[in-house]
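J.: This structure is in structure tokens; I'll ask about it shortly.
The values are calculated or read from the model by the stated rules, or taken from the named source; none is laboratory data. Here the structure is a predicted model, which means the values were calculated and not measured. Note: ideal-geometry Cβ built from the backbone for every residue, glycine included; neighbour counts use all protein chains shown.
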């Protein structure tokens, strides 16, 4: 079987279909008199943070040649047993050892290319929701410049430790003792556009750490407008420095309205689970539900599905990236994939006929390569709904924004300026 996914440029809607969709005032209006297309009330999007499906053609510009998060994990472990993702069409996206390409899928399947410059959480999620980042967010491979650190030190009233790219778990082992002795916060970055502040909760109270992050966010503007300032609290337990779950992101605000904003303006509910609120700077959301880990994110998503609402539910499951990808933990990554796979039946059984369920990712984070950073990869696209027509390939989508454009059509929102909707493929 060929695994080539070709971009579908021509769409053939179901027949009979007369006056099924027109646009007025830049919004799609659909008429059901001669159409069998159902009224979709809810869109559910689960973002598997860092779960890529192969290097993009420009991966060499990011030193990511050969990255293939799902494919490489499966190869190293001799296969991945993910029967529920397999049934949705995972094995038809790319060759994945253990995932059959020959089964008849219950969902639509494809993969998406990133148009935005970069390979980070912020640009990935923003593009999904209609914003293409044309200029890369600033990174600091040599640490932050003196003008930034001096201003930050002056405003918080104490020196800092670190100021270099580092693994979050490693730098607190390296500098944790000195931090406790001095009370100086640990400042560090990574290959991503981030300014991270680590502090022991017993030395710098969590409220003070958050205030430091707010101060950094105010400083980091213009050419130094990093994507995220991140609070990284930890504790000393049994002689070990251990990060707590009270991490908090202070993100750069999106430069324009997203699909989420348009949905909220249209009177729809928009629920963000996990770090979605942080990624979108708490804009475009009617409710934010913070979570402790992937399992909590899955649990909260299912709880939300059991509620009666109309709009968008978008969840980020961060453990793939944060706990396993960045730490090159192949086995932990595979176990997390299995845990998510086990949850799919309960999710799909909870869906009503007026729901559409998307599974995708924001970038890669291949734990099998020497790098501990994100990787420039395609991301998977799986779509399931009880009202959808017979599943088929969605091809290689030319932008993450294709997802946002499709959600826009589904919910009758204002048209995006980027992305090609695959709405007509689904019905």
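J.: Suppose the filter is in contact with a helix residue (DSSP H, G or I) (Cβ under 8 Å, 6 or more places away or on another chain) and closer than 23 Å to residue 120 by Cα; does residue 274 pass it?
T.: yes
J.: From the list 164, 177, which residue is surrounded by fewer than 22 Cβ atoms within 10 Å (Cβ to Cβ), in the same structural domain as residue 240 (by TED's automatic domain parsing) and touching a helix residue (DSSP H, G or I) at 6+ places or on another chain (Cβ under 9 Å)?
T.: From the options 164, 177, the qualifying one is 164.
J.: So which strands (runs of 3 or more DSSP E) stay within the stretch 202-283 end to end and still have 3 or more residues that are touching a strand residue (DSSP E or B) at 6+ places or on another chain (Cβ under 9 Å) and over 30 Å from residue 412 (Cα atoms)?
T.: The strands (runs of 3 or more DSSP E) meeting that bar are 228-237, 240-243, 248-251.
J.: Something else now. Report yes if some residue within the stretch 257-269 is at pLDDT below 95 and either within 27 Å of residue 52 (Cα to Cα) or surrounded by 17 or more Cβ atoms within 10 Å (Cβ to Cβ) (or both); otherwise report no.
T.: Looking for residues that are at pLDDT below 95 and either within 27 Å of residue 52 (Cα to Cα) or surrounded by 17 or more Cβ atoms within 10 Å (Cβ to Cβ) (or both), one finds none in the stretch 257-269, hence no.
J.: Applying the selection to the stretch 81-91, what residues are surrounded by fewer than 23 Cβ atoms within 10 Å (Cβ to Cβ) and either closer than 15 Å to residue 378 by Cβ or in contact with a helix residue (DSSP H, G or I) (Cβ under 8 Å, 6 or more places away or on another chain) (or both)?
T.: 81, 83, 84
J.: Evaluate the following for residue 295: is it touching a strand residue (DSSP E or B) at 6+ places or on another chain (Cβ under 6 Å) and within 22 Å of residue 243 (Cβ to Cβ)?
T.: Judged against the criteria, residue 295 is not a match.
J.: Looking only at the stretch 132-161, how many residues end up being surrounded by fewer than 14 Cβ atoms within 10 Å (Cβ to Cβ), touching a strand residue (DSSP E or B) at 6+ places or on another chain (Cβ under 7 Å) and at positive phi?
T.: Of the residues in the stretch 132-161, 0 are surrounded by fewer than 14 Cβ atoms within 10 Å (Cβ to Cβ), touching a strand residue (DSSP E or B) at 6+ places or on another chain (Cβ under 7 Å) and at positive phi.
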